[in-house]
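The values are calculated or read from the model by the stated rules, or taken from the named source; none is laboratory data. None of the values given here were measured: they were computed from a predicted structure. In this analysis, Cβ positions are derived from the backbone assuming ideal geometry, glycine residues included, and neighbour counts consider all displayed protein chains. The protein model used for the area step is the full one, side chains on, heavy atoms only, and it has no ligands, DNA or RNA in it. Shrake-Rupley method; radii C 1.70, N 1.55, O 1.52, S 1.80 Å.
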Amino acid sequence: MTLRCFLLSLMLTCTPTALARPAQAPIPVADFVRHPTYSTVKISPDGTYLAMTVDRGDQDVLTVLRTADLSLVRVNQLPDGKSVGQFEWAAPDRLVFNAIRKIGSYTQPFATGEWFAVNADGTMPRTLVAYGTRDATQRGKAVGNAVFSLLDTLPDDDRNVVMQVNTPRSSEGAGTEVVLLDVYSGRRQSLARAPRENCTIALDAAHRPRFANCGTSKAEDGGFETRSLLFRLDDGRKWALVNDSRDSGRHLEVIGGDGGDDAYARASDGKAPAAFGRVDGSGKHFSELFRDEVADVSSLVRSADERTVIAVATEAGVPRVEIIEPAHPDADVYLEMSRAFPGQNIAFTSATRDGSRIVVGVSGARNPGELYLYDRASGQARFLMRNVDWIDRSRLAQVRPFSFTASDGTRLHGYLTVPGDGTGKRLPMVVNPHGGPIGPRDRWSYDWSTQLLASRGYLVLQVNFRGSGGYGQAFQDAGHGAWGTRIQDDINDAARWAVAQGFADPDRICIFGGSFGGYSALMAPIRSPGLYKCAIGYVGVYDMALMYEKGDVEDSSGGLRFLRHTIGSGRASLDAISPARQADRIGIPVLLAAGARDFRAAPEHTEAMRDALVKAGNPPDQTIIQSGEMHGFYDPAHREALYTKILSFLQRNIGGNVDVGDPAQVR
C-alpha cells in the first residue's frame, strides 16, 4: 500500500486525486472543506521513526512510520472519541502526548488535560496524567483541575520530561508549578513554583526553571491594563523581581536559554513592534539582536539542536526571514532549502538528536504543506509527503500582499486572493474580515476558505485592521473601544481602496466573516451604507449586551475587565455598536450561520440578529443553526453544505460564472 493510500485509508477513504477530474471543472467544494491529512510530523531522536497526527474525521490518531521506507509501525487511537493533540519524543522509542477534543474551526481544540506515553511499537502504554476516580494503583495520576503542558523533553534524559502545571486559584488566575514527570511511571517531582498567579516558566540552558513571565490585566483602580512582570529564580530557590512594566515602561519576556549563560527574550515599550534579543543571566540587561519598524517577530528559526535561534521572521505582508547567526552551520542549511524552494515558507519541524537529519516543512499561500528529510552528510533533501494532495496546487489562486493608508492616515496591510490568472479587473469581491479582533490576524498562508471563494471567480480581500496582532502593541491596543467604529472604517476603507485600484467592481461587493468577522459582516454595512450588496454572518456576535450574559468571555474577572475596556458597559453605548439593535439600517440580503453548541459566540446572538432583521422587514435569506457544531463548523459534511449555500447566495447577489452546485442536493 502506498503512503498516500495508507493515510487516506485512515480517513476511511482513498479516492482519485483532483488531477483525474475534467480539466475545466472547478475544484469541488468537498475537496476544499476536507481536513488536512496530517497536522504535525516529528522524527525520533535516533532517526528510526517518524510520528505524525493523522486526521480520521472525528479523531486525530498518533501514527508511527519507519523513516527508512515510511512503512507503518503503529496507529495509536484514544477511546471515547478523543484526539491526540500535542506530542513529543521523550526517548528514541517513546512518545508522550495529550488528549484533545475538536470543538470548532475558529477555536483551538480543547485539551482534556490527560497525558499518555507509549513506545513506538505500541508497547508499554501508560496514563501519566488523569482526571476522575482512579483505583489505588492509579490514584497518584489524578490531578483534580490542574492543567499540564510540556516544557522540555530533556535531550540527555530518556526517562523524564519537564511539565508546567497550572492550577486555577480564583477568578483572577491560576498558580504555576514546574515538575519533573517520569514517562514510564507517571511519578512527579516538584522543581519550582511561580512567585504569583498567571505566570509561565522559562528554563535556562541547563533545562532548569530560571525565569517567570507573569502578567495581569487588573490596574490599581480595578480597571484594565496590560502589565507584565519578570522574575528570576536564584540558586537558593528564591524569586526576585527583575522587571515590572508599570515601573520601567518596558515589557520584557524571556523565551528560554540560548545555549550559554544568557537567555533569549523579547522587549517592548508597549507601542512599537517588539525587539528580539538576549538578557544576561541576571535578567536585567537586554541586548537587541533584531527589530523591525513595522511588524513584530512572528516566528523563530532554531538550529537542529534547538539551542540557538539562527533566524527570525516577520509578516507585515509576505514573511521575511532575517538570518541573525550567519556563522552557524544550520544557517547554511536553511539558506540552501530556501534557495531550493523560492517564495515558500521554510521551517525546521524536528531533527535527530545529533542533528544529522532534519525534517523540513515547506508551505505557502498556494501550498498547504510538504515535508522533506534533509540529510546533512549528503546535503540532499528526500521528499516525504504532501498535505492536501487531492488538490492540484497549480489551480490555486495567487495571494498578493498589499498596504494602503486608511482614511485617518493609519497604514494598514492585507492580502488579496486573486482568481484565475491574476490579471482580472473589476472583479466581484468578497471582503473577508478575520476574527478577534484583539490579537488575531490574517497571514500569507494557505487558506482553504479564501481559495474556495476564488475558485468560483471571486476576488477575496482580507485586511489586518487596527486591533490585529503582529504590528506592535500600540496598533493592537487601538482596537479597544473601536469594535463598531474605527475597525469597521478600516475594513470599509480597504474595500474602497480595492475599487479605486480597479481590482473590484463597486457594484458587486459582499462581506463574509466568522466570529468577530461575522460581527463585522453585519456592522460594516451599517457603517457604510451602499458599499455592500450582501452580508454573511458566521458564528458571530451581534448584541453587545448579550456578551455579558452568554459565552465564555464573561466567566472570569479578567474577561469582564476585557469586555468593559473593549466594548464598554453602558446600554446606550452597547446598542450603538450592536447590529441586532440597528437591523433597520442594514437593508441588504443577509445569510446567518451558527453552531448550536457554540460556547464563544452563543447561538442566541444569531437568533437575536435573525429576529431583528425579521422585525425590520428584511428577513435573512437563510438562518442556519447547525446541531453538533461549535465555534466554526468542523464536520466536513456541514462545511460542504454551508459553503454550497454561501456560494449560491453570493451568485444570486453579485453574480458568478461558475456552477456552484445545488444546496438542496447536499445533505
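Using alpha-carbon positions, what is the distance between the centroids of the stretch 284-343 and the stretch 443-481, in Å? Cα centroid of the stretch 284-343 versus Cα centroid of the stretch 443-481: 23 Å apart. In this structure, the amide hydrogen of Gly364, modeled 1.01 Å from its nitrogen in the peptide plane, lies closer than 5 angstrom to those of Asn345, Gly369, Tyr446, counting only residues at least 5 positions away or on a different chain. Solvent-accessible surface of the chain, taken per residue with a 1.4 Å probe and all protein chains present: 40 Å². Computed 3J(HN,Hα) for the stretch 635-644, one whole-Hz value per residue from the Karplus formula 6.51 cos²θ - 1.76 cosθ + 1.60 where θ = phi - 60°, is 5, x, 5, 5, 4, 4, 5, 4, 6, 5, glycine and proline marked x. Rounded to the nearest 10 square angstrom, Asp55 shows an accessible area of 10 square angstrom against a 1.4 Å probe. If the chain linking Arg159 and Ala576 were pulled fully straight, counting 0.36 nm for each residue of separation and taking away their Cα-Cα distance, it would gain 144.3 nm. Remark: the stretch 36-42, residue by residue, has Karplus-estimated 3J(HN,Hα) of x, 5, 10, 10, 9, 10, 9 Hz, where x stands for each Gly or Pro and the curve is 6.51 cos²θ - 1.76 cosθ + 1.60 at θ = phi - 60°. When +1 charges are put on Lys and Arg Cβ atoms and -1 charges on Asp and Glu Cβ atoms, the dipole computed for the stretch 163-258 relative to its Cα centre reaches about 320 debye. Among Thr450, Thr127, the sequence by solvent-accessible area, most first, with a 1.4 Å probe is Thr127, Thr450. Along the axis of the charge dipole computed for the stretch 377-476 (Cβ charges of +1 for Lys and Arg, -1 for Asp and Glu, origin at the Cα centre), the listed residues Gly422, Trp444, Phe402 are led at the positive end by Gly422.
Computing Kirkwood radius over Cα pairs in Å for the structure here picks out one of (i) 26.5; (ii) 41.3; (iii) 30.2, namely (i).
Of the residues Glu629, Glu253, ranked by 1.4 Å probe accessible area with the largest first, the sequence reads Glu253, Glu629. Placing +1 on the Cβ of every Lys and Arg and -1 on the Cβ of every Asp and Glu, with nothing else charged, gives the chain a dipole about its Cα centre of roughly 900 debye. Summing Cβ point charges (Lys, Arg +1; Asp, Glu -1) relative to the Cα centre of the stretch 534-629 gives a dipole of roughly 260 debye.
Dividing the helix sum by the residues of the chain, where each DSSP H run of 4 or more adds -39500 (n - 2.57), gives a mean residue ellipticity at 222 nm of -5000 deg cm²/dmol.
Classify the stretch 169-267 as rounded, prolate or oblate, taking a ≥ b ≥ c as the square roots of the eigenvalues of its Cα gyration tensor: rounded when a/c is under 1.5, otherwise prolate if a/b is larger than b/c and oblate if not. Verdict is oblate for the stretch 169-267. For the chain, the carbon plus sulfur part of the accessible surface works out to 48%, probe radius 1.4 Å. The alpha-carbon of Lys533 sits under 22 angstrom from the alpha-carbons of these lysines, leaving out residues fewer than 8 places away in its chain: Lys425, Lys615, Lys645. Stokes-Einstein, applied to the Kirkwood radius of the stretch 395-540 over Cα pairs at a viscosity of 1.306 mPa s and 10 °C, places its translational diffusion at 107 µm² s⁻¹.
Rounded to the nearest Å, what's the spacing between the alpha carbon centres of the stretch 143-165 and the stretch 533-548? Just the number, please. The two parts, judged by their Cα centres, are 40 Å apart. Helix 603-615 axis versus longest C-alpha principal axis of the chain: approximately 10°, rounded to the nearest ten. For Glu197, the accessible surface of its heavy atoms amounts to roughly 50 Å² (probe 1.4 Å, protein chains only, rounded to the nearest 10). Among His605, His207, the order of accessible area from largest down is His207, His605, computed with a 1.4 Å probe on protein heavy atoms.
When the chain is described by a simple charge dipole with +1 on each Lys and Arg Cβ and -1 on each Asp and Glu Cβ, the residue from Ala316, Ala381, Thr37 located farthest towards its positive end is Thr37. The length gained by stretching the chain between Ser185 and Phe383 to full extension, at 0.36 nm per residue less their Cα-Cα distance, is 67.5 nm. Using only Cα atoms, locate the centre of the stretch 245-259 and the centre of the stretch 590-654, then give the distance between them in Å, rounded to an integer. Their Cα centres are 43 Å away from one another.
Give me the one-decimal nm value for the distance between modelled label points at Lys238 and Asp332, 7 Å along each residue's Cα-to-Cβ direction. Between Lys238 and Asp332, the simple spin-label model gives 4.9 nm.
Using the Cβ of Met124 as centre and a radius below 11 Å, the other residues enclosed give a net charge of 0, where K and R count +1 and D and E count -1. Site pair Thr123 and Glu220 shows an inter-label distance of 6.4 nm when each label is modelled 7 Å from Cα along Cα→Cβ. When peptides 346-359, 403-416, 585-598 are sorted by average Cβ neighbour count within 10 Å, with the highest value leading, the order is 585-598, 346-359, 403-416. With the dipole of the stretch 194-247 worked out from charges on the C-beta (+1 for Lys and Arg, -1 for Asp and Glu) around the Cα centre, which of Ala205, Leu233, Thr216 lies farthest toward the positive end? Highest projection toward the positive end goes to Ala205.
Counting only protein heavy atoms and using a 1.4 Å probe, the accessible area of Val318 comes to about 70 Å². Site pair Ala474 and Arg400 shows an inter-label distance of 3.1 nm when each label is modelled 7 Å from Cα along Cα→Cβ. For a straight C-alpha distance cut-off of 26 angstrom, the lysines reachable from Lys284 (same-chain residues fewer than eight places away being disregarded) are Lys218, Lys238, Lys271.
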